[in-house]
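So the structure is just underneath, and the comments pick up after that.
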Amino acid sequence: MSEHQAALASIPNEHVRRWVEECIKMCQPDKVYVCDGTKEERARFFKEGCETGVFIELNQKKLPGCYYHRSNPNDVARVEHLTFICGPTEDLAGPTNNYWNDKEAYAKLKTLFTGCMKGRTMYVVPFVMGPIGSPLAKVGVEITDSLYVAVSMGIMTRMGKVAWQQLGDSDEFTECLHSVGDCNPERRYICHFPLDNRIWSFGSGYGGNALLGKKCLSLRIASFLGQQQGWMAEHMLLMGVEDGKGDKNYVAAAFPSACGKTNFAMLIPPQKYANEGWKVTTLGDDIVWMWADENGRLRAINPEYGYFGVVPGTNSRSNPNAVKTIQKDTIYTNVALVPLEDGTYDVWWEDSDMPEPKKAIAWDGSEWTPGCGKKAAHPNSRFTAPMHNNPALDPAAEDPAGVPVSAIIFGGRRSKTIPLVYQAFNWIHGVYVGATIGSETTAAATGQVGVVRRDPMAMLPFIGYNVRDYLTHWFKMRKKISDPPRIFCVNWFRKNDQGKFMWPGFGENMRVLEWILNRCKGRAYAQETPLGWMPRPEDINMDGLDLDPKTMQELQSINADDVKSELLSQQELFLKLGGDMPKEMIFQRELLISRL
Ligand code: GTP
Ligand code: SPV
Ligand code: MN
């Protein structure tokens, strides 16, 4: 126990110390280690991890500082059916979350956590979400028995001593308790206690279930705090756009998991735009916290410090900035390993720049050869990379004051019905548009892939409280903002009858972004449609893009029958909320019906 005492004594905050002491008693680790966030510590962690099989070192000439990690094949995505909002009343969780009575949840999880770290090391990981000194920055402390989690938290957050400085003597920190346990899906629970500012996660070592600063703290707990305190936590990217004439604007966009946030945030404008001086810079690729400043401007920060991005499909045509970002100091999880002649390893995935290897080790550890009928990389394989690796990082990415937001974009993955782009008539209509977004499910969460579901603001799995209060909060935010951002809806994923994407996407999305920004400035033309304001095909700049005008017309077409079916499928959300649906939502729905 004396070693444990020494670790405890090194924790400068007495509230954290007391909590860690309780967790030691419950989890009974062999060792306790308090992370300091230094480079030396990270090097030690990787060395240790390579010795114990947590990490595999990649070829350090080609990929300096890069390591491979494989999670359990039963544990490669978020588990929404095992994710709970816990509290004294079911009303806290609302109709879109799994609810668990807090007393029962604590009781059940205590039985699992008791003794779960015997023979293991407990890592105590202090971290800050948000730029240091930002009015919204939040401190969390994660206790985990996973070395992979401790290392990843060091990339994804501002981790170590800096968190003790930010916290001082305060007791305002999120308690994040995590154990991989025996990684059995039957004993896997991701529990949030918003009223206690506490997260207990057991039985998973995968990203969103285990890196508790990310979805658990920065979206579920933060969205609850935001509602209480008058700010917003959203599943959004944040980007800067310069137009070459000295004008710079910031855009936030919410797309569901694996629907294009990282790619859009790192967009490189097509040649024609680059020639004119257009430039896109990244502030964040997954999470945004927003508040109204003293002048009534909506300002935004990215609480994270790194990117946990989808690997398959990442190449120098789709996302050159991401390719550059993951050349050093990156963890690759669940891609394929390629043994090299000198005994070292490279990585490979579907749609990468590298030619298909003759032989590889697939994401699940099995042998892989071309044409063997299975994927080499898991569709939800990920990179974990420091944001400072991004050559297009925005200079304001660490500004505690954040950036003003000119436009908010909602989007989904829709092979049918939804046009390329339209603008909401106003904030209230925009909230309705965001709230009724539908999207085809992806491999980022376990379960069926490709089924359309309602995903309000791309936050369905991440709203940490009642969706009724969440939507009301969106409507209410309008009163705090003097000149609200304009709101848009986009869909990069519409397909033709042959099942091919009609829109080239990626860098070419710049053309849609230009129209969006011009609309914000009152400079671009739009026509009124039942859905909202839409560009005519000639209002989207097509210089240098070889796209049939007919395709463009199809991309923007609205079929009244399809929109009626869409209205009917929105019913799913309305029925779930029943009498709790905010009246603004009902009015907007009626208005849309009458426009049709
Ligand atoms: P999370 O990290 O899960 O929140 O995902 P994300 O929203 O950041 O998605 P990401 O940018 O990683 O993209 C997911 C998938 O969508 C990748 O396979 C991309 O290749 C694909 N994708 C992204 N943008 C586009 C686009 O403009 N057009 C098409 N057709 N596919 C895209
Ligand atoms: C997502 O699923 O939206 C992600 C990955 O960004 S995870 O961190 O697992 O949530
Ligand atoms: Mn995400």
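Residue check: is G309 within 16 Å of ligand 2 (Cβ to nearest atom), surrounded by fewer than 22 Cβ atoms within 10 Å (Cβ to Cβ) and closer than 27 Å to A443 by Cβ? No: the conditions fail for G309. With respect to E175, is the statement that it is among the charged types (D, E, K, R), touching a strand residue (DSSP E or B) at 6+ places or on another chain (Cβ under 6 Å), away from ligand 1 (no atom under 16 Å from the Cβ) and open to solvent by 10 Å² or more (accessible area, probe 1.4 Å) true? Yes: the conditions hold for E175. If you go through segment 43-76 and pick out every residue that is loosely packed, with under 13 Cβ neighbours inside 10 Å, part of a loop (DSSP other than H, G, I, E, B) and acidic (D, E), you end up with 0. Taking the condition acidic (D, E) and either within 16 Å of ligand 2 (Cβ to nearest atom) or modelled with pLDDT under 95 (or both), does D285 pass? So D285 passes the test. Select from segment 337-359 the residues that are open to solvent by less than 60 Å² (accessible area, probe 1.4 Å), closer than 24 Å to F45 by Cβ and not in a loop (DSSP other than H, G, I, E, B) and list them in ascending order. Answer for segment 337-359, where residues must be open to solvent by less than 60 Å² (accessible area, probe 1.4 Å), closer than 24 Å to F45 by Cβ and not in a loop (DSSP other than H, G, I, E, B): L337, D346, V347. The condition of being at pLDDT 95 or above and either surrounded by fewer than 18 Cβ atoms within 10 Å (Cβ to Cβ) or in contact with a Ser or Thr (Cβ under 7 Å, 6 or more places away or on another chain) (or both) holds for only one of Y189, Y148, Y123, that being Y123. A search for C-beta distances below 7 Å between a residue of segment 1-29 that is part of a helix (DSSP H, G or I) and any residue that is open to solvent by 10 Å² or more (accessible area, probe 1.4 Å) and among the hydroxyl-bearing types (S, T, Y), counting only pairs 6+ apart in sequence or on different chains, returns A7/Y33; M26/T114. Criterion first (surrounded by fewer than 18 Cβ atoms within 10 Å (Cβ to Cβ) and more than 29 Å from V79 (Cα to Cα)) does K500 satisfy it? When the stated conditions are applied, K500 passes them. Just one of (1) at pLDDT below 95; (2) touching a Phe, Trp or Tyr at 6+ places or on another chain (Cβ under 8 Å) fails for G246. It is (2). Being away from ligand 2 (no atom under 16 Å from the Cβ) and either without any contact (Cβ under 8 Å) to a residue 24 or more places away in the chain or under 14 Å from G309 (Cα atoms) (or both) is not true of N263.
Selection within segment 139-150: residues that are part of a helix (DSSP H, G or I) and of a type outside the set (G, A, S). The member of this set that is farthest from E22 (Cα to Cα) is Y148. Restricting R198, R187, R220 to residues that are free of Cβ contacts under 8 Å to residues at least 40 places away in the same chain and either hydrophobic (A, V, I, L, M, F, W, C) or within 22 Å of N101 (Cβ to Cβ) (or both) narrows the list to R198.
In summary, helices (runs of 4 or more DSSP H) completely within segment 151-242 and bearing 1 or more residues that are within 16 Å of ligand 3 (Cβ to nearest atom) and within 20 Å of A105 (Cα to Cα) occur at 207-210. Residue under question is W291, and the condition is that it be away from ligand 1 (no atom under 16 Å from the Cβ), of a type in the set (F, W, Y) and more than 24 Å from the chain's Cα centre (by Cα); does it hold? Answer is no for this residue.
Under 8 Å by Cβ, and 6 or more places apart or on different chains, what pairs join a residue from segment 276-303 that is over 14 Å from D399 (Cα atoms) and of a type in the set (F, W, Y) with one that is in a strand (DSSP E or B) and away from ligand 2 (no atom under 16 Å from the Cβ)? Listed by first residue and then by second, the contacts come to W278/V241; W278/E242; W278/D243; W291/M232; W291/L298; W291/R299. How many of the residues in segment 99-128 are in a strand (DSSP E or B) and in contact with a helix residue (DSSP H, G or I) (Cβ under 7 Å, 6 or more places away or on another chain)? Number of matching residues: 8. In segment 288-306, of all residues being of a type in the set (D, E) and more than 14 Å from ligand 2 (Cβ to nearest atom), the one that is farthest from D243 (Cα to Cα) corresponds to E294. Within segment 523-563, how many residues are surrounded by fewer than 17 Cβ atoms within 10 Å (Cβ to Cβ), touching a Leu at 6+ places or on another chain (Cβ under 7 Å) and in a helix (DSSP H, G or I)? Counting residues in segment 523-563 that are surrounded by fewer than 17 Cβ atoms within 10 Å (Cβ to Cβ), touching a Leu at 6+ places or on another chain (Cβ under 7 Å) and in a helix (DSSP H, G or I) gives 1.
The condition (being within 12 Å of ligand 1 (Cβ to nearest atom), modelled with pLDDT of 95 or more and aliphatic (A, V, I, L, M)) is satisfied by just one residue among A424, A444, A435: A444.
Of note, A77 satisfies the criterion of being within 21 Å of F462 (Cβ to Cβ) and either assigned by TED's automatic domain parsing to the domain that holds A444 or within 18 Å of the chain's Cα centre (by Cα) (or both). Of all residues in segment 246-253, none are closer than 28 Å to N72 by Cβ and part of a strand (DSSP E or B). Here F308 fulfils each of the conditions (1) outside any strand (DSSP E or B); (2) within 11 Å of ligand 3 (Cβ to nearest atom) apart from (1). The set of residues in segment 243-262 being among the hydroxyl-bearing types (S, T, Y) and away from ligand 3 (no atom under 14 Å from the Cβ) consists of Y250 alone. Residue count for segment 157-173, restricted to those that are aliphatic (A, V, I, L, M) and more than 20 Å from T121 (Cβ to Cβ): 2.
Residues are listed down the side, and each one gets a yes or a no for (1) open to solvent by 10 Å² or more (accessible area, probe 1.4 Å); (2) not assigned by TED's automatic domain parsing to the domain that holds R297; (3) not hydrophobic (A, V, I, L, M, F, W, C):
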position	(1), (2), (3)
G207	no, yes, yes
G213	no, yes, yes
L217	no, yes, no
L225	yes, yes, no
G240	no, no, yes
D243	yes, no, yes
V251	no, no, no
S257	yes, no, yes
F264	no, no, no
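The values are calculated or read from the model by the stated rules, or taken from the named source; none is laboratory data. A quick note: this is a predicted structure, and the numbers were derived from the prediction, not measured. When we count neighbours, we look across all protein chains shown, and the Cβ atoms used for this are built from the backbone with ideal geometry, even at glycine. With ligands, DNA and RNA removed, areas are computed over all heavy atoms of the protein, side chains included. Shrake-Rupley method; radii C 1.70, N 1.55, O 1.52, S 1.80 Å.
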